[in-house]
1. For Leu176 and Leu71, calculate 0.36 nm times their separation in residues minus their Cα-Cα distance, and state this gained length in nm to one decimal.
2. Could you report region 21-92's accessible area per residue, 1.4 Å probe, as an integer in Å²?
3. Rounded to whole Å and ordered largest first, report the semi-axes of the equivalent ellipsoid of the chain derived from its Cα gyration tensor (root of 5λ).
4. I'd like to compare 147-154, 223-230: which one has the highest average count of other Cβ atoms within 10 Å, and what's the full order after that?
5. Using a Gaussian network for the chain with springs between C-alpha atoms less than 10 Å apart, which of these wobbles most: Val65, Val92, Val37?
6. Which one of Ser34, Ser119, Ser193 has the biggest mean-square fluctuation once the chain is modelled by GNM with Cα springs under 10 Å?
7. Hey, could you pull the Cα Rg and Dmax for region 33-118, both in Å?
8. Pop a pseudo-label 7 angstrom from the Cα along the beta-carbon direction at both Thr132 and Asn233 and give the gap in nm to one decimal.
Amino acid sequence: MLRTILSTFAAAAMLFGAANTATAQFLLIPDSTSDTVGMYNPFDGSYMGDLISGFDQFSTPINAVLGPDGLIYVSDQVADSVFRFNLDGSFVDVFADDMDGLNNIRGIDFRGDELFVTSGDDYVARFAADGTRLTDFINDGSDPFDIFFLDDGRALLSDIQGTTDNVRLYNSDGSLSGELFSIDFPEQINDLSNGNYVNASFSGDQITEFDLDGNVINTWVFDGGRGVHELGNGNLLVTSGAGVFSLDRTTGELTTI
């Protein structure tokens, strides 16, 4: 999954997300196979080395985001934990884990100083800045893989619940606004500079550009999609179990990073 440092991160073989790409020094991509967090150029996606490696508590790191406290938060699906790191990659602490009721966690995102954590146990957990678990944001029978907050407090969510796989829009209070479009096993959701949004689908084998009315604007073939993020050069940085790629939105051509 992708997100950002000094505002952007990601996850090879999993997800990635972003925030304030214009100020980002590099994108972070957790690799769930090598248990590392790599750095990638936010303009062209080129690999810049690993920020985090050799961390023996990693089992399946999924998503990395920059917190409002200036620390990097990394979710780990199998360790059932959210770990915190300094900007130099040094370990700080375990922010939340199974002792807080977490299990099978995936994508994470902040709204203000609260952290939201998606789980295969069919909820989106909510944590205060001090690590206190609050009332779940969403607990409606969906199977959330990723959550992405809009500026107005609403949230986009990828639901991989067997019979209803879709991308959904939730109101700021966690109530369902509506299902936007159906796609098999949607994973990471991110925003685009043109005002639309983009999703990587694992089983649907495509990247989908869509708007908040549920209109599908564009699709690109991409096998086993995990993460997606818009680069400064206009291409999409996309991840799968096969690695990290740059996707040309005009031609659909993939270039291995």
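The values are calculated or read from the model by the stated rules, or taken from the named source; none is laboratory data. Not measured: the values here are computed from a predicted model. Here the Cβ is made from the backbone with ideal geometry for all residues, glycine too, and neighbour counts use every protein chain on show. SASA here: full protein model, heavy atoms, side chains in, ligands and nucleic acids out. Shrake-Rupley method; radii C 1.70, N 1.55, O 1.52, S 1.80 Å.
1. Numbers: separation 105, 0.36 × 105 = 37.80 nm, distance 3.08 nm.
Value of the extension gain: 34.7 nm.
2. 39 Å²
3. Output for the chain: semi-axes of 24, 22, 16 Å.
4. Final packing ranking: 223-230, 147-154.
5. Highest fluctuation among the options: Val92.
6. Result for the chain, Cα springs under 10 Å: Ser193 fluctuates most.
7. Rg then Dmax for region 33-118, in Å: 12.7, 40.
8. Label at Thr132, label at Asn233, 4.8 nm between them.
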